[in-house]
Amino acid sequence: MRRIFLVTMFVFCVTSAMTQSIYSLPKREEGNKYVTTEDIYFDLKEGEITETYYKTEAQRKKGQYNRLSSNSDEIIQASSGLEGYLYSLLSENDFIDTNDRIFPDYKNSLHLSMRVHRLEFSYIRPKSKMGITAVYLKMYADMTLRSYYGKSLLQETVSIEELIANRDETEWEVGFSKLIKNILAKFMSQDSVSSLINSSEYFDSADFSDYEKVSLSAGSAVLDWNYICSAVPTVITPDGHGSACVISGDGYLLTNFHVVGQNEMVRVKFKDGSESEGKVLRKHPECDLALIKVDRTNLPALLPVNESEDIGNTVFLVGTPADTLLAQSVFKGVISGKRPVSDFSYFQTDAKVNPGNSGGAMLNEKGELIGIVSSKYVGYGIEGIGFAVPISQMEARLSVLMPAPKRQNEDVTPSKPTKSKKK
């Protein structure tokens with residue numbers, strides 16, 4: 001029975017018939033930050049599910065057990081349904097941003113993570129033929145609140161014990177769901193959490209006043225795809241991968257803020273297979289740009305330009321979609337529109353944009369770098385709506401000066417890098 005019970009409890013289907021919670025999940029008030037779920041899972045290793053048996057309720061309260069066992073040969077990993085349930089609880093209390101907009105309100109949004117790392121079952125089993133008369137479960141979960149772009153703001157370990165089943169209760173899922181709801185409510189009700197949700201602070205902001213001007217060496221504008229692909233490497237982080245554009249032959253690269261996230265160092269893999277460590281020098285979350293420096297020289301570099309592009313103009317996107325094996329993929333499309341966000345406008349394009357393309361190049365028909373691929377609009381039946389940050393934001397937000405142009409009639413043959421690091 002015990003083994004069937006555990007499986008039933010973990011692969012649960014949440015019911016809406018909830019019993020009264022000992023904690024109350026607060027409602028989001030107007031103007032407060034939204035909260036959504038991210039990385040909600042069980043992380044139960046050997047010995048982190050324990051079972052204790054008591055003869056009476058009084059013995060359980062005193063801690064006088066007659067047998068203790070552990071999951072030495074049974075490790076349960078089952079996150080199915082957990083994230084969706086927490087999401088629905090937050091949605092019921094207005095914490096999920098349901099506004100109809102393409103670009104999220106990153107200044108006013110937080111991410112909640114939950115890692116369940118210990119479960120303690122307690123069974124009441126009197127000396128009679130009635131078997132187990134009550135089951136208690138104590139759950140331990142690490143709850144983390146992060147900014148929209150992943151900055152850790154608060155982490156707490158929350159634990160709660162609940163009576164999840166008894167002789168008269170056959171719906172195990174109800175008791176388990178109640179326990180999950182109480183853990184969320186206990187965490188969300190803390191003053192430290194409330195102060196973050198109520199705060200008007202933009203947690204991803206940074207002080208840009210100390211940025212000195214960075215002058216770039218001249219890149220090249222040329223529709224030589226071997227050259228262009230050599231100038232669009234892959235950026236690899238512990239969280240995944242994206243793309244970047246070499247904008248100066250002495251090792252400066254431009255990518256998205258959301259590609260580097262909170263990392264100060266990243267790996268940069270070039271077309272020839274060589275890799276270098278990249279230091280993240282500057283970030284600007286509002287326009288989703290970041291500047292990386294690698295210790296290499298004589299790199300093939302693109303030419304960033306701040307020239308007006310008309311709707312309908314042909315563009316090319318270069319990046320690493322989906323998998324690092326697809327590095328330097330090229331897609332063709334047009335500029336579909338210019339969409340204002342904050343105090344600048346994104347380029348909209350129908351060229352294919354996939355996860356991993358972020359940070360890659362948007363080039364015009366001259367081979368000039370006019371934008372940095374940033375995102376796509378996703379949804380059922382939606383295709384061909386991608387966005388890129390205009391290159392003008394690099395100069396305005398990161399204090400990076402545009403290089404002197406080198407046109408097609410000049411020598412654009414890329415020289416070999418003088419420094420490289422292979423891993």
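The values are calculated or read from the model by the stated rules, or taken from the named source; none is laboratory data. Everything numeric here is computed off the predicted structure, so don't read it as measured data. Using ideal geometry, Cβ is built from the backbone for each residue, glycine included, and neighbour counts are taken over all protein chains shown.
Note on segment 347-361: residues that are over 13 Å from ASN306 (Cβ atoms) and either surrounded by fewer than 20 Cβ atoms within 10 Å (Cβ to Cβ) or without any contact (Cβ under 8 Å) to a residue 60 or more places away in the chain (or both) amount to 8.
So that you can scan it fast, the table gives a plain yes or no per residue for (1) over 27 Å from GLY31 (Cα atoms); (2) touching a residue at least 24 places away in the same chain (Cβ under 8 Å); (3) in contact with a Leu (Cβ under 8 Å, 6 or more places away or on another chain):
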{"site": "ALA165", "(1), (2), (3)": "yes, yes, no"}
{"site": "ASP204", "(1), (2), (3)": "no, yes, no"}
{"site": "VAL232", "(1), (2), (3)": "yes, yes, yes"}
{"site": "ILE236", "(1), (2), (3)": "yes, yes, no"}
{"site": "SER243", "(1), (2), (3)": "yes, yes, no"}
{"site": "VAL246", "(1), (2), (3)": "yes, yes, yes"}
{"site": "ASN256", "(1), (2), (3)": "yes, yes, yes"}
{"site": "ARG267", "(1), (2), (3)": "yes, yes, no"}
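GLN262 falls short on exactly one of the conditions (1) of a type outside the set (D, E, K, R); (2) under 25 Å from ASN364 (Cα atoms); (3) in a loop (DSSP other than H, G, I, E, B), and that condition is (2). Here GLU277 does not qualify as modelled with pLDDT under 95 and more than 21 Å from GLY367 (Cα to Cα). Residues in segment 352-375 that are under 12 Å from THR314 (Cα atoms) and small (Gly, Ala, Ser): GLY367 only. Exactly one residue among TYR148, TYR140 is over 15 Å from the mean Cα position of the chain (by Cα) and of a type in the set (Ser, Thr, Tyr), and that residue is TYR140. Residues in segment 306-337 that are more than 19 Å from SER230 (Cβ to Cβ) and touching a helix residue (DSSP H, G or I) at 6+ places or on another chain (Cβ under 9 Å): ASN306 only. Out of GLY131, GLY63, GLY84, one residue alone is out of contact with any Ser or Thr (no Cβ under 6 Å at 6 or more places or on another chain), closer than 30 Å to TYR377 by Cα and at pLDDT below 90. It is GLY84. Candidates in segment 81-100 are the residues that are part of a loop (DSSP other than H, G, I, E, B) and under 15 Å from PHE187 (Cβ atoms); of these, the one that is nearest to the chain's Cα centre (by Cα) is PHE95. Summed over segment 17-59, the residues that are farther than 30 Å from SER147 by Cα and either of a type in the set (Lys, Arg) or modelled with pLDDT under 50 (or both) give a count of 5.
All conditions in (1) modelled with pLDDT of 90 or more; (2) surrounded by fewer than 18 Cβ atoms within 10 Å (Cβ to Cβ); (3) under 24 Å from LYS151 (Cα atoms) hold for GLU92, with the sole exception of (3).
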